[in-house]
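Student: Dumping the structure here so I can ask a few things about it.
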Amino acid sequence: MIKKPNWLTRSTMMAGIISTSSLLADSDYNLPDPVSPLTRDVYDLHMLTTTIAFYIMVIVTAVILYAIFKFRKSSGYKADQEFHKGSFGKYGWLLVPIIVLGIDLTIAGPGTKTLAKVEEHIPADITVKVIGSQWRWTYEYMEDDIKIVSNLVPKEKAGDMYLRAVDDHLVIPINTQVRFLHTATDVLHSWWVPALAIKKDSIPGYINETYTNADTEGTYYGQCAENCGTGHAFMPIKVEVLSKEKYAVWLEGRKAAAAEAAAEAASNKTWSQEELLAKGEAVYQKTCSACHGATGEGIPNAFPALKGSPIATGSLADHMNIVINGKSGTAMAAWGPQLNDLELAAVITYERNAWENNTGDTIQPSDVKQAR
């Protein structure tokens, strides 16, 4: 007759099934596959420490289960009052620290090398200033005078990619040393794309530095890794790594578009209300809708509505001031440094005439220039 497994055997079998399932679990639960030398070292260090921790857990759990079963009172076992005089009692206090030190040294070697690489200063081919704001990212290509403002795409447009999709994203070339300079305009943020680069805090008035050298083309995602406020979850990061040839084409296109936009904003043209409304709607949906809503109705208990609000229908001077300079102590960012005169004039005109606000006001770029 086959003997039924006791509780200890069943527990051990269950632990084996759980551990095997964990090892074979979907890799999506792990860090994403690294595509740069530094993140590859970080990933390997992570896997080393995780593996060691797993086996420590298995051994310690097995010892505890064995002790519970072997030395339980119900089996008649009596506590050994002379344990400290035995060989294990004498030398265990020496053996255990040696084992712990050996584990520490196993991790310390690769850990020290990885941390040294984190602070390496390698001459960069491209420098990108990464600016965190509540709640968006701004990328400034220092050598090419290009600026990208990256905002969350609303759920109704993003679909399954909600909290990953952005309206504009960072683009870098493959096999190129890229340096990131991190700062912020309001509170602490942290730009983190685990496949590409390590994370460091973005601190207002301070510059932190990280770098990457991606060796695989593709699209990589990340997020703000610092709890920066109520919109913390709405700061996704998207980075596209292109071949050097495709990147050169992209770069020329962005330069041409930036030059055209600058020339348009600097012109002395008097814009019609219809033109300003069309431009203003595009600017609003890109920069304002994430907080104030696509229909200007805001987000209850978080962000105020602009539809029928005292700001959008009241004093024009006050409206221009809050859009240009922001509002201290709130999530309202200062858009003056981020948008040109034409974009500001257009979005203010749009806010004062959309959603039945109907003030009839038309703001020209020259008005914004005077108000700055």
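Student: In the stretch 159-175, which residues are part of a loop (DSSP other than H, G, I, E, B) and either of a type in the set (D, E) or modelled with pLDDT under 95 (or both)?
Tutor: Step one: of the stretch 159-175, the residues part of a loop (DSSP other than H, G, I, E, B) are 162-165, 167-169, 174-175.
Passing the criteria: Y162, L163, R164, A165, D167, D168.
Student: Would you call T295 of a type in the set (V, I, T), within 26 Å of G229 (Cα to Cα) and not in a helix (DSSP H, G or I)?
Tutor: Yes.
Student: Right, next: Restricting to the stretch 176-198, what's the tally of residues that are under 12 Å from the mean Cα position of the chain (by Cα), in a strand (DSSP E or B) and of a type outside the set (A, V, I, L, M)?
Tutor: 4
Student: Right, another one. Considering each of E140, E156 in turn, give the residue that is under 23 Å from T212 (Cβ atoms) and either at pLDDT below 95 or assigned to a strand (DSSP E or B) (or both).
Tutor: On the way: E156 fails: under 23 Å from T212 (Cβ atoms).
Step by step, each of E140, E156 is checked, and only E140 is under 23 Å from T212 (Cβ atoms) and either at pLDDT below 95 or assigned to a strand (DSSP E or B) (or both).
Student: V323 - would you say it is over 27 Å from the mean Cα position of the chain (by Cα), buried (at least 20 other Cβ atoms within 10 Å of the Cβ) and under 18 Å from V149 (Cβ atoms)?
Tutor: no
Student: Among the listed residues G205, G298, identify the single one that is exposed (fewer than 14 other Cβ atoms within 10 Å of the Cβ), out of contact with any Asp or Glu (no Cβ under 7 Å at 6 or more places or on another chain), closer than 29 Å to L344 by Cβ and not polar (S, T, N, Q).
Tutor: G205 is the lone residue from the list that is exposed (fewer than 14 other Cβ atoms within 10 Å of the Cβ), out of contact with any Asp or Glu (no Cβ under 7 Å at 6 or more places or on another chain), closer than 29 Å to L344 by Cβ and not polar (S, T, N, Q).
Student: Continuing with the same structure: Have a look at E252, E260 and point out the one that is of a type in the set (D, E, K, R), farther than 18 Å from L170 by Cβ, out of contact with any helix residue (DSSP H, G or I) (no Cβ under 7 Å at 6 or more places or on another chain) and outside any strand (DSSP E or B).
Tutor: Working: E252 fails: farther than 18 Å from L170 by Cβ.
Answer to the selection: E260.
Student: On the basis of being more than 22 Å from A331 (Cα to Cα) and of a type in the set (K, R), does K155 make the cut?
Tutor: no
Student: Name the single residue, out of those in the stretch 24-79 being farther than 30 Å from N213 by Cα and part of a loop (DSSP other than H, G, I, E, B), that is nearest to the chain's Cα centre (by Cα).
Tutor: Within the stretch 24-79, the subset farther than 30 Å from N213 by Cα is 24, 53-79.
Retained after the next criterion (residues that are part of a loop (DSSP other than H, G, I, E, B)): 24, 71-72, 76-79.
On the way: L24: 27, F71: 51, R72: 51, G76: 58, Y77: 56, K78: 57, A79: 55 Å.
Here the residue is L24.
The values are calculated or read from the model by the stated rules, or taken from the named source; none is laboratory data. These figures come from a predicted structure and were not determined experimentally. Heads up, the Cβs are rebuilt from the backbone with ideal geometry, glycines too, and the neighbour counts pull from every protein chain shown.
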